[in-house]
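> Sharing a structure below in C-alpha cells format, with a few things to ask.
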C-alpha cells in the first residue's frame, strides 16, 4: 500500500498532521478529528446511494453510521485515475458487538429498530429494491435442483457430492415449508407497502458492522443496503446471533427489544419464522461449491459442510421456541 497522495488530501480539503496505515485504509489525524480514507471498488452511483441513505438517517435522528465526508466538489468520493476514494470519520474506541453479551445484543436490536424508523421517508429510487422473499426462496430451490444434477453428472462423486445428495431431500422439504408458511401470511401486502414507502434494509448485519460504543451501537457499511421489508433485517440479525452465540437470549426477548422502539406488524412472528427456518447456510455452501468446476474438494469446504449439518438441529430447536 503506497503513501497517501497529497492530491487526495487536497481533494477532500484536509491537512493531516499524521497518517497511519491500517487494514487497507489511511487514518489521518486532522483538525476535525481522525479521518479514514480508503479506495473502494464501489461505483460512483453506489457510493452516492449509500451517502444519500446515511445523510437521510442523520437528518432523521440517526447519526450513528460511517457517514462519508464530502470532497471539496461536494461529492462523497473523489476519482483519481481508476481509483475511487471515500473519507469517513474514524470510529474511535468502538468494538464489534459481542454476541455472547446479552446487553450488547439487546442494544444492537434497539439500534436496528432506531435505524429502521429513521430510514422511513427516503426518496423513491434512492436505493435498489430487493426481490420479494418467495422469489428468493424459489430461486434457491432451483439452484439446489441444478446442483443435484451436477453432483450426479461426473464419473465419480466426491465426499461433498455424497453428503449433499444424502441431505438434499430433507433440506428441500424445509425450503418448501418456508414457502408454504410465508404464503399463509400477509407478507405480500407488507412487502408492497415497504416498496411503496421505500423502507431500507441494511442486509449485512455482521459483528464488524455493528460497532458498540458505550450505550450506542453504530451501524456501518451500507454497501448492500436496499429497499425491502425490514423484517428481513430482523430475521438476519436473529440468525446471525443464533449462529455466533450460545443462544441464551430467547427470540421473544430479542423481538421485545426491537418492538419497544419500532412496533412489529401483525403476524410478524409467522413471517420471521418462515425466514428463519430457511436453510440459508446450506444453500450458500452448495452454491459456493457448484459454482465452479472442481477436480478436488477444498478441505475447508468439507469441514464447513459438516459443521452446517451438525448445527442445524440445535438451530431449529432455538427457532421453534419463538
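> Which one of these is in the same structural domain as residue 112 (by TED's automatic domain parsing), under 23 Å from residue 50 (Cβ atoms) and over 20 Å from the mean Cα position of the chain (by Cα): 248, 197? Can you show your working first?
Working: 248 fails: under 23 Å from residue 50 (Cβ atoms).
That would be 197, the only listed residue that is in the same structural domain as residue 112 (by TED's automatic domain parsing), under 23 Å from residue 50 (Cβ atoms) and over 20 Å from the mean Cα position of the chain (by Cα).
> Report, by residue number, each residue of the range 47-78 that is surrounded by fewer than 17 Cβ atoms within 10 Å (Cβ to Cβ), in contact with a strand residue (DSSP E or B) (Cβ under 9 Å, 6 or more places away or on another chain) and not in a loop (DSSP other than H, G, I, E, B).
55, the sole residue that qualifies.
> For residue 125, which of the numbered conditions (1) in a helix (DSSP H, G or I); (2) assigned by TED's automatic domain parsing to the domain that holds residue 307; (3) surrounded by fewer than 16 Cβ atoms within 10 Å (Cβ to Cβ); (4) out of contact with any helix residue (DSSP H, G or I) (no Cβ under 7 Å at 6 or more places or on another chain) fails to hold?
Only one criterion in (1) in a helix (DSSP H, G or I); (2) assigned by TED's automatic domain parsing to the domain that holds residue 307; (3) surrounded by fewer than 16 Cβ atoms within 10 Å (Cβ to Cβ); (4) out of contact with any helix residue (DSSP H, G or I) (no Cβ under 7 Å at 6 or more places or on another chain) is unmet by residue 125, namely (1).
> Do we have residue 108 as over 23 Å from residue 49 (Cβ atoms), outside the structural domain of residue 27 (by TED's automatic domain parsing) and surrounded by 13 or more Cβ atoms within 10 Å (Cβ to Cβ) here? Steps first, please.
Values: over 23 Å from residue 49 (Cβ atoms): yes; outside the structural domain of residue 27 (by TED's automatic domain parsing): yes; surrounded by 13 or more Cβ atoms within 10 Å (Cβ to Cβ): yes.
Judged against the criteria, residue 108 is a match.
> Does residue 34 fit the bill of being in a strand (DSSP E or B) and within 21 Å of residue 216 (Cβ to Cβ)?
Details: in a strand (DSSP E or B): yes; within 21 Å of residue 216 (Cβ to Cβ): yes.
Yes: the conditions hold for residue 34.
> Within the range 79-100, is there a residue that is surrounded by 15 or more Cβ atoms within 10 Å (Cβ to Cβ), in a helix (DSSP H, G or I) and either in contact (Cβ under 8 Å) with a residue 12 or more places away in the chain or in contact with a helix residue (DSSP H, G or I) (Cβ under 9 Å, 6 or more places away or on another chain) (or both)?
no
This table checks each residue for (1) surrounded by 15 or more Cβ atoms within 10 Å (Cβ to Cβ); (2) modelled with pLDDT of 95 or more.
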position	(1), (2)
114	yes, yes
156	no, no
177	no, yes
191	yes, yes
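> Could you check how many residues of the range 147-187 are in a helix (DSSP H, G or I) and touching a helix residue (DSSP H, G or I) at 6+ places or on another chain (Cβ under 8 Å)? If you could, list the steps in order and put the result at the bottom.
Here is the first cut: in the range 147-187, the residues in a helix (DSSP H, G or I) are 147-153, 159-183, 187.
Going one step further and asking which of them are touching a helix residue (DSSP H, G or I) at 6+ places or on another chain (Cβ under 8 Å), we end up with 147-148, 150-152, 159-161, 163-165, 167-168, 171-172, 174-179, 181-183, 187.
Result for the range 147-187: 25.
> If residue 293 passes every condition in (1) outside any helix (DSSP H, G or I); (2) free of Cβ contacts under 8 Å to residues at least 24 places away in the same chain; (3) within 19 Å of the chain's Cα centre (by Cα) but one, which one does it miss?
Condition not satisfied by residue 293: (3).
The values are calculated or read from the model by the stated rules, or taken from the named source; none is laboratory data. Since we're looking at a predicted model, the values are computed, not measured. All Cβ positions, even for glycine, are placed from backbone atoms using ideal geometry, and neighbour counts span all protein chains on display.
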